[in-house]
1. Neighbouring Cβ atoms within 10 Å as the yardstick, rank Val3, Val268 fewest first.
2. Report the relative contact order of region 255-352, percent, no decimals, based on alpha-carbon pairs under 8 angstrom and at least 6 residues apart.
3. Work out how far the C-alpha atoms of the chain reach from end to end along every principal axis, then list the three figures in whole Å, largest first.
4. What is the dipole size for region 2-243, taken about its Cα centre, with +1 at each Lys and Arg Cβ and -1 at each Asp and Glu Cβ, in debye to the nearest 20?
5. Above 20 Å lies some portion of the pair distances; for region 255-352, what is it as a whole percent of all C-alpha pairs?
6. Among Met44, Met18, rank each residue by its count of other Cβ atoms within 10 Å, from fewest to most, as a rough exposure measure.
7. As a footprinting exposure proxy, order Ser251, Ser278 by other Cβ within 10 Å, with the fewest listed first.
8. Placing +1 on the Cβ of each Lys and Arg and -1 on the Cβ of each Asp and Glu in region 257-303, which of Val296, Tyr260, Gly280 has its Cα farthest towards the positive end of the resulting dipole?
Amino acid sequence: MNVTPWTVEGTIDYSKLMDKFGTKPLTPELLSRLEKLAGSIPPMIRRGFFFSHRDFDAVLKETENGEGFFLYTGRGPSGSMHIGHLSSFIITKWFQEAFGANLYIEITDDEKFLHKKNKSLEEIEEQAKSDILDIIALGFNPDKTFIFRDTEYIKNTYKLMIKIAKKVTFSTAKAVFGFTGETNIGMIFYPSYQIVPTFFEKKRCLIPAAIDQDPYWRIQRDIAESFGYKKAAAIHSKFIPPLQGFEGKMSSSLPETSIYLADSPDVVKKKINKYAFSGGQPTVEEHKRLGGNPDVDVSFAYLRIFFEEDDKKLREMEESYRNGDLLTGELKAYTIDKINSFLEKHRENRKKAEKLYDKFLYDGELARSMWNKTYS
Ligand code: TYM
């Protein structure tokens, strides 16, 4: 397996990844403390899709003692957003609602321009605006959320950024990110920008993201205290698998692996029917006799990760698939319906998001205060 912020390949062994990255498992004890504070916990956490953390126990403690925390997550606008990108934002929204925390969302147009060989800066900027509408459509609180594009907010952050950059050597960056002699120097500087938002407040920063983003936090945690800030905390998700099965991740640069937020109901139907890897048997007769395997079935994985909220319904479907009563075609039809009704609602919200764009970027309460601040 190979997991970096830019590449996820192979069959991922998440326990090995935790060992390699030096993160800790989200234990039942931590989850019950979270449940006590929030009243309930969302399916993605309850069902283990978010599985690992750094200093989440400190976040709980600082919530219990009234200090609180702030939230930070982000998106690199390299291509259209797909359902794999939603999990970190959905969980971030849950944390914002449950704890009333401020949230900063970094849109890394610089990173994606530097990383993508064949994209112009203008194309990336267009994509960034489109992605921001998808993010706003998820329903964040406009007065407690600041969304910023790196190329636009740079004036307010550059002084802090060069101070961060000065503390990170090229050999650390090479070891953590795998940079080589072919990497352009923009990419080598970029990590200092992804670290900047962890210093937007003196409270601890909690970052919900998939585990591919963890290398940045490793560096942040080495240097934060020397700046008078807290080490960032993170909760890490697994990857929503590509349609073809549990190798690598759903990726915007590989259209046949992904269900895009803009896919029409027909396209979703075709993609699931044609590509979604099935744990079912080759014939109905064999399926009824031997049963299916939900553990390797991609449609079932999408339901478990977020399209089926009801635990009881999910359990019944799992049993019925295992014992052969529920057929692959039926499971796929149910999944297609669930995804399409989610996407239909998302598209309605996205239309309304256009009116909120300026609020999240410039005029909301938090946005206004951020434009008046310079970090140094
Ligand atoms: P990006 O745009 O690659 O990904 C955005 C978010 O989606 C997560 N993600 C996935 N989660 C589950 N399943 C998948 N298949 C999947 N693919 C991507 C990513 O982990 C991420 O949380 N450099 C970042 C942008 C960024 C950022 C941040 C992300 C800047 N600051 C702070 C998280 C937290 C990027 O290009 O993300």
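1. On the way: Val3 23, Val268 20.
With the sparsest Cβ surroundings first, the list reads Val268, Val3.
2. On the way: 98 pairs, mean separation 31.0, N = 98.
Relative contact order here is 32 percent.
3. Taking max minus min along each principal axis of the Cα atoms, the chain gives 68, 48, 44 Å.
4. Values: 32 positive and 30 negative charges, 120 e Å.
My answer is approximately 580 debye.
5. Numbers: 1779 of 4753 pairs.
Above the 20 Å cut-off, region 255-352 has 37 percent of its Cα pairs.
6. Values: Met44 21, Met18 18.
Ordered by Cβ neighbours within 10 Å, fewest first: Met18, Met44.
7. Working: Ser251 17, Ser278 22.
The most exposed by this proxy come first: Ser251, Ser278.
8. Tyr260
Coordinate-derived values only; no laboratory data. Fair warning: this is a prediction, and the values are worked out from it, not measured in the lab. Please note: Cβ atoms are built from the backbone with ideal geometry, for glycine as well, and neighbour counts cover all protein chains shown.
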